[in-house]
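A.B. asks: Below is the structure I would like to discuss, written out as structure tokens.
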Amino acid sequence: MAEADATQVTAQEAPAPAELIARAEALVPLLRRNAREAERLRRLTDDTVAALEDAGIFRMIQPAHRGGYGTDVETVSKVITAIACGCASATWIIMIYISVCQLAELLGEETLAEIYADPHPRVAGVFGRDGATLVRTEGGYRVRGEGYWPFNSGCRHAAWDLLMCSVEEEDGSRWKAFAGVPTADLEMCDDWDVMGGSGTGSNAVRCGELFIPEHRVAPVPENFMGVFRQDLSAATSCALPLGMARHAVDAFVELTQTRGINHLGYERMGDAPAVQAALAMSAADIKLIECYQQWVLSPYTGGPERTPEDAALLSAGSVRCIELARGVIERLLALAPSTEIHRTGSLQRLLRDIHVFQHQHAMTPHIAYEQYGRRFFAS
């Protein structure tokens, strides 16, 4: 089908924004029920993935000219926020797929035709490190020795992987490349045994001297981070912490309805001033994150254009939202009954998850703050 025809069909099939958001919100109970099992499995459950697929969440993030919905950024942000209110790991995978879908456009049309021949394509990827050296051979490239790519979020639910490699020419020169590789050609390492974010299934993948056809390899642009759409980055920047903070409040309020504080004589937790104060502070923190979300989206929702200074602040601002959300979770977990330390509890899982997510370089406070803080001392 021609590109224009695919876009036209998509426009007819794409649900209205309110419908897509409602579908995401309707998934929250299922996502919460499956979160513990996803942690045990160290990947999302099959019915979670199927539910996200059926609701059109993955199609939302596909490029419109590849059969995706072409969903506007405000709707994307609200959908991801809703998913994060149900399962942080599912949200993380969706965010990775959004990023990789954009980078995959660097590959040639022949490869993209292979990827999108699947009506429900999902592409994982590792683009933060070079995991293999490729050498030329007849018809393409061969991995020299072994390839190894850790932290491959979502690889267990993807049919393709976009992997960064280094191509070594006969004269010894080297250049960076992205390779599109079917996940069936890779070995999934059983190494994702972590303190949080277990449901992301961020296993390492490896291969031996794998042959990769020439058309599946493309050079990495000098500033490949510029490939990412700023509007989508803005849409996802604070959706994860906002959804997680809302989930924490929901879980805590549910506890207050059935539990007391025996040592203080409260039959109902909600009667304790400390509990009321914690919820008030948490509501205020959530409102701050919501306001930030509106600010980052404002250029795409009819608001003023972003200044260069505003654009430079985006990363540090998003990290600050994560810290606010972590504060909400920590505050409420500190007041929760001792039974909440069991792995079945939502609050302890949310806290472990958000600590792990903060180890991703784009969400690490000291990195984001220093990068922006240097501007105050630039000559």
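A.B. asks: Taking the stated definitions as given, is Gly196 at negative phi, at pLDDT 95 or above, under 23 Å from the mean Cα position of the chain (by Cα) and part of a loop (DSSP other than H, G, I, E, B)?
C.D. replies: For Gly196, the condition - at negative phi, at pLDDT 95 or above, under 23 Å from the mean Cα position of the chain (by Cα) and part of a loop (DSSP other than H, G, I, E, B) - is met.
A.B. asks: Whether any residue in the range 238-253 is without any contact (Cβ under 8 Å) to a residue 40 or more places away in the chain, surrounded by fewer than 21 Cβ atoms within 10 Å (Cβ to Cβ) and out of contact with any Asp or Glu (no Cβ under 6 Å at 6 or more places or on another chain) is what I want to check.
C.D. replies: Of all residues in the range 238-253, those without any contact (Cβ under 8 Å) to a residue 40 or more places away in the chain come to 253.
Those still in the list that are surrounded by fewer than 21 Cβ atoms within 10 Å (Cβ to Cβ) too: 253.
Applying the additional criterion that residues be out of contact with any Asp or Glu (no Cβ under 6 Å at 6 or more places or on another chain) yields 253.
Yes; the residues of the range 238-253 include at least one that is without any contact (Cβ under 8 Å) to a residue 40 or more places away in the chain, surrounded by fewer than 21 Cβ atoms within 10 Å (Cβ to Cβ) and out of contact with any Asp or Glu (no Cβ under 6 Å at 6 or more places or on another chain).
A.B. asks: Let me ask you something else. Please verify whether the range 227-236 includes one or more residues that are under 34 Å from the mean Cα position of the chain (by Cα) and at pLDDT 90 or above. Break it down into steps so the answer makes sense when it comes.
C.D. replies: Filtering the range 227-236 for residues under 34 Å from the mean Cα position of the chain (by Cα) gives 227-236.
Now drop any that are not at pLDDT 90 or above, which leaves none.
Looking for residues that are under 34 Å from the mean Cα position of the chain (by Cα) and at pLDDT 90 or above, one finds none in the range 227-236, hence no.
A.B. asks: Across the range 280-305, what is the number of residues that are surrounded by fewer than 19 Cβ atoms within 10 Å (Cβ to Cβ), of a type in the set (Ser, Thr, Tyr) and assigned to a helix (DSSP H, G or I)?
C.D. replies: Step one: of the range 280-305, the residues surrounded by fewer than 19 Cβ atoms within 10 Å (Cβ to Cβ) are 280-281, 283-284, 287-288, 290-291, 294-295, 298-305.
With of a type in the set (Ser, Thr, Tyr) added as a condition, the list becomes 298, 300-301.
From what is left, the residues that are assigned to a helix (DSSP H, G or I) are 298, 300.
So the answer is 2.
A.B. asks: Given the structure, is Arg216 crowded, with 21+ Cβ neighbours inside 10 Å, closer than 20 Å to Val123 by Cα and modelled with pLDDT of 90 or more?
C.D. replies: Numbers: crowded, with 21+ Cβ neighbours inside 10 Å: yes; closer than 20 Å to Val123 by Cα: yes; modelled with pLDDT of 90 or more: yes.
Yes, satisfied.
A.B. asks: Read through the list (1) modelled with pLDDT of 95 or more; (2) under 25 Å from Ser298 (Cα atoms); (3) part of a loop (DSSP other than H, G, I, E, B), then give the number of the only condition that Trp92 fails.
C.D. replies: Unmet for Trp92, out of (1) modelled with pLDDT of 95 or more; (2) under 25 Å from Ser298 (Cα atoms); (3) part of a loop (DSSP other than H, G, I, E, B): (3).
A.B. asks: Would you confirm whether or not the range 150-157 contains a residue that is in a strand (DSSP E or B), outside the structural domain of Arg59 (by TED's automatic domain parsing) and not acidic (Asp, Glu)?
C.D. replies: No.
A.B. asks: From the list Ala334, Ala368, Ala277, pick out the single residue that is of a type in the set (A, V, I, L, M, F, W, C), assigned by TED's automatic domain parsing to the domain that holds Thr256 and surrounded by 14 or more Cβ atoms within 10 Å (Cβ to Cβ). Let's see the steps before the verdict.
C.D. replies: On the way: Ala334 fails: surrounded by 14 or more Cβ atoms within 10 Å (Cβ to Cβ); Ala277 fails: surrounded by 14 or more Cβ atoms within 10 Å (Cβ to Cβ).
Going through Ala334, Ala368, Ala277 in turn, just one is of a type in the set (A, V, I, L, M, F, W, C), assigned by TED's automatic domain parsing to the domain that holds Thr256 and surrounded by 14 or more Cβ atoms within 10 Å (Cβ to Cβ): Ala368.
A.B. asks: State all residues of the range 112-149 that are of a type in the set (Val, Ile, Thr), farther than 17 Å from Thr183 by Cα and under 29 Å from the mean Cα position of the chain (by Cα); if no residue qualifies, say none. Show your work before the answer.
C.D. replies: Our first condition is that a residue be of a type in the set (Val, Ile, Thr); within the range 112-149, this holds for 115, 123, 126, 133, 135, 137, 143.
Next, only the ones that are farther than 17 Å from Thr183 by Cα stay: 133, 135, 137.
If the condition is that a residue be of a type in the set (Val, Ile, Thr), farther than 17 Å from Thr183 by Cα and under 29 Å from the mean Cα position of the chain (by Cα), then Thr133 is the only one that fits.
The values are calculated or read from the model by the stated rules, or taken from the named source; none is laboratory data. Just so we're clear, the structure is a prediction, and the values are computed from it rather than from any experiment. Glycine also receives a Cβ, built like all others from the backbone with ideal geometry; neighbour counts cover every protein chain displayed.
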